[in-house]
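The values are calculated or read from the model by the stated rules, or taken from the named source; none is laboratory data. None of the values given here were measured: they were computed from a predicted structure. Here the Cβ is made from the backbone with ideal geometry for all residues, glycine too, and neighbour counts use every protein chain on show.
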Amino acid sequence: MNKNIKLAVAGAVLALSASADAGIIIPAGDWTLDIGGNVNTFVTNTRQQGTADIRGGYALFNGGNAVQNSTGEKNESNLTTGLLPNYLSVSGTTRQNDLDVAFTISINPGSSTTQGGIQTGALNQENRQAFMTFGDKSWGSIKLGKDLGIFAGTAILNDMTLLGVGSGAGALAGNTTTIGGIGSGFIYADWKAQAAYTSPNFNGFQFTVGLTQGWNTIANAGADISLGTTGRSGSAPAAEGQISYSWANGKIWSSGLVQKVNVGPGQVALDDDRAQAADIGANVNFGDFGLTGYLYKGDGIGTTIQFMDAYTVNGNQRKSDGGYVQATYVLPSKTKLGLAYGISNLDRHGTDNALLVKENERTTLGAYHPLTKHLNIVAEYNDAQSQNHNGAENKSRTVSLGGILFF
């Protein structure tokens, strides 16, 4: 099984240890191929309440199949993929000229079907990984290609909803995935073209530094409250890095990102064109107990997705911060229970639009049971709230039940 799937399982501390083992190993001449992945599907029911206009809030979306009544309530049920997409990954490793050489390529289809007669499309298919690495344990390794971003990457790998649904089940059915704890405790690391170096492991200490594709700021759909559009920034790449220390029962890490943000023709000048963010987190385990804590802070980084609503229409940076705490306990039956709380804040700048999201927060209660050494049955309750700078709120409560199989 490829590196990021193994990290996802081990980082979330939810699946059996056997689930993080290699997938289907095939010797092929000088190469050893590893075919692995996962399949997951969940039945979800989401009750949404609220009529507030919250631009950048995710607790209530006006889309979907349910009809919202005059009191702002609607109920929606879906069968959908969870936070992890379905994965099919092919990796290869070899040792040549004193170098460990490897590659990974993955395809990531969703399991939702929301329109009759149409079973494919951009919203149901992703290609998250296509990268190669080369190096040696004596001096480290170099990665070239598309993979999980460095800043905030470890935050999502430790989110317990990684094996479940979290937020977004009602709003995002038909997309490849839900959003788990993204935007309510951490910013999405995303999948980025990158050139990165990872050091050897120095008795638990390790660091990664890299350049990743720079992006523009992203305006929330239909809201004239942010500069730019989705796409490349046209400026220098972003610089990202992480340093960590791991021991037998835990890990502590800190990562950061710096990027020059560019603007298009005819747009206003930025008050500060250097966006930056930093985080710190820790995961510790005491027998059957697990505890994770995480904090982040950014200037011009936006909220939920990197650079979403990061600047005002006048070019002023918005500040953001947030974090999450998560506790888990393994019962004698091997069922893992988890409770998590996360919040993400976005500051209003001066006379900024008061409909801008102020905070997204969520509380998640989950149960994750290993039915076999590769198959987990997952049940979750997720309570999400969004508030704008006028104090208006929307709420979204989701119950989900399903399974995730690793191979």
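Collect the residues in the stretch 224-267 that are in a loop (DSSP other than H, G, I, E, B) and at pLDDT 70 or above, keeping them in residue-number order.
Ala236, Pro237, Ala248, Asn249, Val261, Asn262
Could you list, in sequence order, the residues of the stretch 184-200 that are modelled with pLDDT of 95 or more and assigned to a loop (DSSP other than H, G, I, E, B)?
The answer is Ser184, Gly185, Ile187, Ala189, Ser199, Pro200.
Has the stretch 268-289 got at least one residue that is of a type in the set (A, V, I, L, M, F, W, C), touching an Asp or Glu at 6+ places or on another chain (Cβ under 8 Å) and modelled with pLDDT under 95?
yes
Of all residues in the stretch 152-182, count the ones that are at pLDDT below 95 and part of a loop (DSSP other than H, G, I, E, B).
Looking only at that region, the number is 10.
Being farther than 18 Å from Thr372 by Cβ and crowded, with 21+ Cβ neighbours inside 10 Å is the filter here, so list the residues in the stretch 328-347 that pass it.
If the condition is that a residue be farther than 18 Å from Thr372 by Cβ and crowded, with 21+ Cβ neighbours inside 10 Å, then Thr328, Gly338, Ala340, Gly342, Ser344, Leu346 are the ones that fit.
Results for (1) at pLDDT 95 or above; (2) on the phi > 0 side of the Ramachandran plot, shown as yes or no for each residue.
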{"position": "Met308", "(1), (2)": "no, no"}
{"position": "Asp321", "(1), (2)": "yes, no"}
{"position": "Thr335", "(1), (2)": "yes, no"}
{"position": "Gly350", "(1), (2)": "no, yes"}
{"position": "Thr364", "(1), (2)": "yes, no"}
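Is it true that Ser138 is in a loop (DSSP other than H, G, I, E, B), of a type in the set (Ser, Thr, Tyr), modelled with pLDDT of 95 or more and more than 30 Å from Ala327 (Cβ to Cβ)?
yes
Being free of Cβ contacts under 8 Å to residues at least 24 places away in the same chain and outside any strand (DSSP E or B) is the filter here, so list the residues in the stretch 352-390 that pass it.
Thr372
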